[in-house]
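Enquirer: My questions all concern the structure below.
The values are calculated or read from the model by the stated rules, or taken from the named source; none is laboratory data. What you are looking at is a predicted structure, and each value in this text was computed from that prediction instead of being measured. Cβ: placed from backbone, ideal geometry, glycine included. Neighbour counts: every protein chain shown.
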Amino acid sequence: MRARFSAVAVCAIVLSGIAAAACGGGEPPPPVAPPAPTEAPAASSAPAASAAPAESAAPAASAAPAASAAPTAGGPPKAGEWDAWSHDQKLEYMKTAVMPKMGGLFHDFDAKRYAEPKCTLCHGAGVKDGSFKMPNAGLPKLDVTPAGFKAMQAKHPKVVEFMMKSVEENMADLLGEPAYDPATQKGFGCLGCHTKK
């Protein structure tokens with residue numbers, strides 16, 4: 001439990017720094033209306049090509065519970081399926097399920113800092129080049145040693161708790177993966193987004 005808390009703490013600290021950098025300073029652009037829902041393709045066919053990658057804005061206010069952000073008609077990937085999904089399937093799922101859910105969580109955590117979370121919050125320059133590569137080397141690098149996690153937890157306790165209890169678990173669910181388990185060193189955790197120092 002302590003190792004998991006430490007890993008989550010590292011993620012939380014890194015994400016808080018990333019969020020500040022992802023916005024690029026300055027004022028955020030006005031909210032973008034979410035794309036109109038489209039008919040979901042059959043599970044065996046690839047989705048129609050989507051428009052060029054664009055940043056999706058999370059709702060400006062999260063009056064509705066975050067759980068109301070339903071995944072696409074096909075639902076989240078099952079364990080191990082994410083890597084097999086096409087780029088277009090992943091992009092559509094990120095726009096329709098991940099951004100509404102995770103953007104709402106970040107907004108609820110700090111409405112001022114995360115007023116309008118965008119794809120760049122996690123994917124950074126990968127949004128501009130269309131790769132959306134993860135983990136993102138542009139995010140703060142994490143010291144994943146026990147001492148490093150302890151230091152992050154001491155310096156940013158609220159962020160670490162948010163990352164462990166909200167970000168890690170929700171992203172794991174959205175990707176159809178278990179949350180990171182320090183005993184097995186498997187599952188979605190900090191290093192799903194961040195790289196090591």
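Enquirer: If you check D181, D173, which single one turns out to be farther than 19 Å from P76 by Cβ and surrounded by fewer than 22 Cβ atoms within 10 Å (Cβ to Cβ)?
Expert: D181
Enquirer: Another question about this same structure. Go through region 112-149 and report how many residues are surrounded by 13 or more Cβ atoms within 10 Å (Cβ to Cβ), in contact (Cβ under 8 Å) with a residue 40 or more places away in the chain and not aromatic (F, W, Y).
Expert: Within region 112-149, residues that are surrounded by 13 or more Cβ atoms within 10 Å (Cβ to Cβ), in contact (Cβ under 8 Å) with a residue 40 or more places away in the chain and not aromatic (F, W, Y) number 22.
Enquirer: Give just the number: which of (1) touching a helix residue (DSSP H, G or I) at 6+ places or on another chain (Cβ under 8 Å); (2) of a type in the set (G, A, S); (3) within 28 Å of A79 (Cα to Cα); (4) in a loop (DSSP other than H, G, I, E, B) does A97 not satisfy?
Expert: Failing condition for A97: (4).
Enquirer: Every residue in region 105-134 that is in a loop (DSSP other than H, G, I, E, B) and within 19 Å of F162 (Cβ to Cβ), please. Step through it out loud before you land on a result.
Expert: Initially, region 105-134 is screened for residues in a loop (DSSP other than H, G, I, E, B), giving 110-119, 124, 130-134.
Listed by number, the residues that qualify are D110, A111, K112, R113, Y114, A115, E116, P117, K118.
Enquirer: Looking at region 152-170, is at least one residue part of a loop (DSSP other than H, G, I, E, B) and in contact with a helix residue (DSSP H, G or I) (Cβ under 6 Å, 6 or more places away or on another chain)? Before you say what the answer is, go through the steps one by one.
Expert: Keep residues of region 152-170 that are part of a loop (DSSP other than H, G, I, E, B), which gives 156.
The next check asks that each one be in contact with a helix residue (DSSP H, G or I) (Cβ under 6 Å, 6 or more places away or on another chain); those that pass are 156.
Yes - at least one qualifying residue is present in region 152-170.
Enquirer: Being modelled with pLDDT of 95 or more, under 13 Å from the mean Cα position of the chain (by Cα) and within 15 Å of K90 (Cβ to Cβ) narrows it down to one residue among H107, H123; which is it?
Expert: Numbers: H107 fails: within 15 Å of K90 (Cβ to Cβ).
Within the list H107, H123, the selection yields H123.
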